[in-house]
Structures are given as C-alpha cells and as structure tokens.
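Take a look at the structure set out below.
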Amino acid sequence: MARAGSDFRTSFAHRISSLLFNRAKLRLGLLLAAPITWLVLIYVFALVALLVTAFWTVDSFTGAVHMEWSLNNIQTVLTSSLYRAVTLRTVGIACLVTIADLILAFPIAFFMAKIAGPRSRRLLVIAILMPLWASYLVKAYAWRAVLSHDGLLQWLLAPIGGQTPGYGLTAVILTQGYLWLPYVILPIFTGLEKVQNSLLEASSDLGAKNWQTIRRVVLPLLVPSIVAASIFSFSLTLGDYITVNIVGGASQMLGNLVYTNVGAANNLPMAAAVALIPVILMFGYLAAVRRTGALESL
Amino acid sequence: MRFSRSSKSVFGLLTAGVLLVIYAPLAVVLVNSFNSNRNMIWPPPGFTTDWWVSAFHSNGLWEAVGTSVIVALASTAIALTLGTLVAMALSRYRFFGRSTVNLLVVLPIALPGIVTGIALNNGFRTILGLQLTLGTVIVAHATFCIVTVFNNVMARLSRVSPNLVDASSDLGAGLWTTFRLVTFPQLRSALMAGGLLAFGLSFDEIIVTTFTAGSGVTTLPIWILNNMFRPGQAPVVNVIAVVLVVISSVPIYLAQRLSGDDADNAKG
C-alpha cells in the first residue's frame, strides 16, 4: 500500500515535471508569479497611489484625507518660492556631490583596476566595501563629530589659519560626498575592469600619452559606468533628509519638506506632491540615460 | 599603456589619500567612544570606558538590536525567495517585458529612499487603511532587499553552464530534483553573499524605516537617531557606532570572499 502511494506520488511529480518541461512559458510564469505579484501589488501600486494622493486634499480640522480631486498641492509645489528654492538647492547639492565623487572615484578605481596587483586589488575592494556597509547613520554622525567646532577638522585647520565650515550646506555636501563615494567607486571600478588592457596598449603603441589614452579611450568606454555611478549618488542625495538633520544646521532639502508634511503637518497629500519632484527628476534622468546601457550596469 | 614610476605613484598616493579620508572619520568615532569629555572635544582631554559600560547596560538599546535582527532576518528570507525566482526567470528566458521586470526589481533601490518610504507609508495607511507595525517594516525592507539577492544570483547563473540543467533532465530528473541537486548547489554561495548583503541593507536602513515603522517599533538605526542629539546619550552612540562598524565588516568580508571564490572558480 505504502509502495503504491509513493508510486502515485512519484508519477504525479513526474507528470507535473514533464508537463512543465514542455511548456517554457508556463515555467516562466510560475517563476515570475510570486516576485511580480509582490513588486506590483506592493511597490508599483504604492507608487501609483502616491501619484493619485498628490491630487487629494486634507481636512484641516480632522486631518483626514479627502479623496476629492484638486490641483492645489501641485500648484503650491510649482509656484511657492519655498519649494522652488529647496528643489534648486537639492538638485544643486546632488550635482556637486556627484561631480566631486566622480573626480575622487576615478583615480582610486583606476589604480585598483589597472595598476594594483591581484592581491592588493582584492584588499582594496574590501577596504572600499567595508565602510559602504558600515551604518549610514554612523558615518553621518562621524562627520558631525569631525566638523564640530571642537572637532578634528578645526584642530587640523586652526594651525594653518583655517576653520571648520561648521554645520551647514558645505557640511552636507562633504558628508554626502563621503557617504556615497563607495557607491560611485564600485561601478567605475567594475567598468574599468571590463576595459581591455590590449586597447590601452594599442593606444600607447599608436603614440598616445597616458593622459590622452585615458581621455580618448578609457573615458568614452566608461560612460555607462559613470552614468550608473551618478544614478546612485544623485538618487541617494535627492532622497536623503537625515544627513541634513545631522550636519546641515537649519538648512532644508526636499526630503525634509516631505518629512515635515508627513509628520508635523500630517498632510500626506502635500507630502506626496513634494515627493513627486524627486520621482520626476529621477525618471527623467533614467529615461535620458537609458540608451547608454547604464541600467544594465547597475 | 605603460606607466612610469611617477605616474604609478601619483595614482597610488591619490588612492591612499582617499582611503585616509574614508577611514579618518570612523577612527574619530572609535577614539570618541573613549573620550572622557561628554561633548567629544578633539583632541580628547582623557580617556574612559564609562560609555562602553553604560551602552552595555542600556535596555532600550538591546531591545532595538533585537527588533532590527527580527526585521533583517524576515526581510532577508523573503528577499532570498523572490530574488532567486526572478533571477532564474530573467537569466534563463528571453521574453517580452524582460527589461521592465529588471527595472521593477531595481526601482525600489534606484528611487530615492524618501519616495519609497512615503509611497509605502501612504499605501499602507491611506489606501489600505492599515496600522503601521513591525510587519509593515518587514514588507518594506524585503521590497528593496530583493535586488541584492537578484544581482548575486544573476551574476552566478550567467557563469554556470545551462547544459548541466539539460543533462540533469536528460538523465531523468524532474524540475524540482534538478533544482535541488544541480541548480541550488551552484547558487549556494551566491545566495549566501546576496543574503548577507540583504541583511546588512535592512539592518542599517533608516529612511524607509521611519516612514513604515509603527510608533512602538524602534529598530537600531531609529534608536541611534533618537539618541544622537541627547547630550547624555551621544557618547553611547559612539560606542554603538564602533560596534556596528566592526560587526558589519564581518558579513562584508565573508560576502567578498564568497563572490571572490566565485570569480576564481570562473577563471579555473
């Protein structure tokens, strides 16, 4: 009896297997069913809902969300000088942080990929990765200590007549540049590893100086990696409000406006409208760079 | 491209400089965790182990660690399952909408954290009418952790020969048997690496967490943020910071070793 049962079970499993074996589309569907359901039901749904909520209003007495269509929030976001100023400031910081990180990342990535031996390359990858995963808060907090008026930077700069920038926008740029640097180094390093050494040798055989080889051979091949790296630093800066709280003094970025609208003001529709700014900026950026193939190197 | 000694050393010096800037702030935190001055003035006027002792005796801190571990374990488990499934689908099949699925996996991490945070907050509270709980944090974390597992499994599957799966079917193994005996052993270390990264990502996350955690839910990053600006607690935060840096280096080292082995295997 037990034998018959197990026979039945194996033959049943066998039938399912052979059924699936001949139906690639069914197999694909089964593989994708759970992850796609999760991502669409939770994430895409939430993003669409966010878009819709931006057009709703809040009852100023009860704080309840009214599902009535209104363009007031969008209008406020587009016309208010506060939102415009904060958006420009945030984008400006994101650009500066991205440029600074790219400039800092290139030499170290190049050294890792093309100059260091395999052993020291591996150690360097670990040395870059370790602080990447050290808590984000810890690193922002570390800069709070470094930049304070009794901190390391003041102590280092005082003898040469300088002083710490203190807490403010400069501190935000320094800290965010520091926070996202590993995210920028790694894609550029991976991109450089893919650039074949024979191309570099061919370039120098044809008489190019090192600088010319970097500018005319390496950098053009590296565009997808540079774009991928900039997606990270740009997106991370646009969405960050905690660094500003920790080292930014009284300055505000887009994230702070979203946060205060959710928390203190309890106005989710307004927060949703503000949050659409980074979404639109990021989608615009992603759409613009799609053709570079950067999305595949993320 | 040949490098003269001097250009090599220029690149080497720049690399050393960047590494110095990367590690100096972390070193400051380490020293400050022993700084006898409550306001952490630099250079420290003296040293003490008081902060380490009070960190060890802080109940709120230990509860926060427990919460973070639960969240990270649960979201890693979900991410491992979903990430493996979607990576197997994308690496083995070419189909319409493939790049859209790829984008969908990357999106929760590619979009600014505050957007993911408020979208999920709004989705849970306004649209579904749910209370924010520990569960909502887990769901949110799992969503953005899928990509780390996905990336690792995709990279591995692109290196192993699909012939092995065919050979297994030819020898009469069913799909599940093939997965269990052929595919899974090939993926084991990639899953380990992806899982470690997912755990680290979840353990450290603060922005999405603040938007999806109920009022009673305090993960470790939330605890740190709440205590950072309290003058009495700030030195204790240094201690946690040091411990976190040290602990987080272990999984990274392991994950790197695992994917490093991977590269060696591929060459060999």
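What follows is calculated from the coordinates using simple rules that are stated; it is not laboratory data. Since we're looking at a predicted model, the values are computed, not measured. With ideal geometry, Cβ positions are generated from the backbone for all residues, glycine too; neighbour counts draw on all protein chains shown.
What the Cβ-Cβ distance of A:N197 and B:F47 gives, at R0 = 56 Å and to the nearest 0.05, is a FRET efficiency of 0.65.
Over the C-alpha trace of chain A, radius of gyration and Dmax come out as 25.8, 92 angstrom. Remark on A:T57: its backbone amide H falls under 5 Å from those of A:H66, A:E68, a criterion applied only to residues 5 or more positions apart or on other chains, H modelled at 1.01 Å from N.
Around the amide H of B:N35, modelled in the peptide plane, lie the amide H atoms of B:T48, all under 5 Å away and 5 or more residues distant in sequence or on another chain.
Spatial offset of region B:166-220 relative to region A:9-81 amounts to 22 Å, using the alpha carbon center of each. Loop-located trypsin sites (Lys or Arg not before Pro) in region B:93-178 (DSSP state other than H, G, I, E, B) with a sparse environment of at most 11 neighbouring Cβ atoms within 10 Å: B:R94. With N counted as the residues of region B:46-192, its alpha-carbon radius of gyration over 2.2 N^0.38 Å works out to 1.41.
All Cα-Cα distances of the protein assembly as shown, cut into 20 Å bins from zero to the largest, leave 19, 51, 26, 4, 0 percent in each bin in turn. Just to confirm my numbers, what's the Cα centroid distance between region B:121-153 and region B:64-80 in Å? Their Cα centres are 12 Å away from one another. For region A:97-246, the dipole from Cβ point charges (+1 on Lys and Arg, -1 on Asp and Glu) about the Cα centre works out to 320 debye, to the nearest 20. Counting only the Cα atoms, region A:36-187 fills a convex hull of 217 Å³ per residue.
For the residues of A:274-287, the average number of beta carbons from a partner chain within 10 Å of their own beta carbon is 3. The charge dipole of chain A, taken about the Cα centre with unit charges on the Cβ atoms of Lys, Arg (+1) and Asp, Glu (-1), comes to about 1080 debye, rounded to the nearest 20.
One equal scatterer on each Cα of chain B, no solvent, Debye formula: the resulting log10 I(q)/I(0) at q = 0.16 Å⁻¹ is -1.23.
FRET efficiency for the pair B:L181 and B:V246, taken as 1/(1 + (r/R0)^6) with r the Cβ-Cβ distance and R0 = 41 Å, rounds to 0.60.
Computed over the alpha-carbon pairs of region A:190-245, the distance histogram in 5 Å steps reads 4, 17, 20, 16, 11, 9, 8, 7, 4, 3, 1 percent, short to long.
For the protein assembly as shown, the residue among A:M282, B:H57, B:V106 whose Cα projects farthest onto the positive side of the dipole built from Cβ charges is B:V106. Based on C-alpha pairs under 8 angstrom that are at least 6 apart in sequence, region A:178-298 has a relative contact order of 29 percent.
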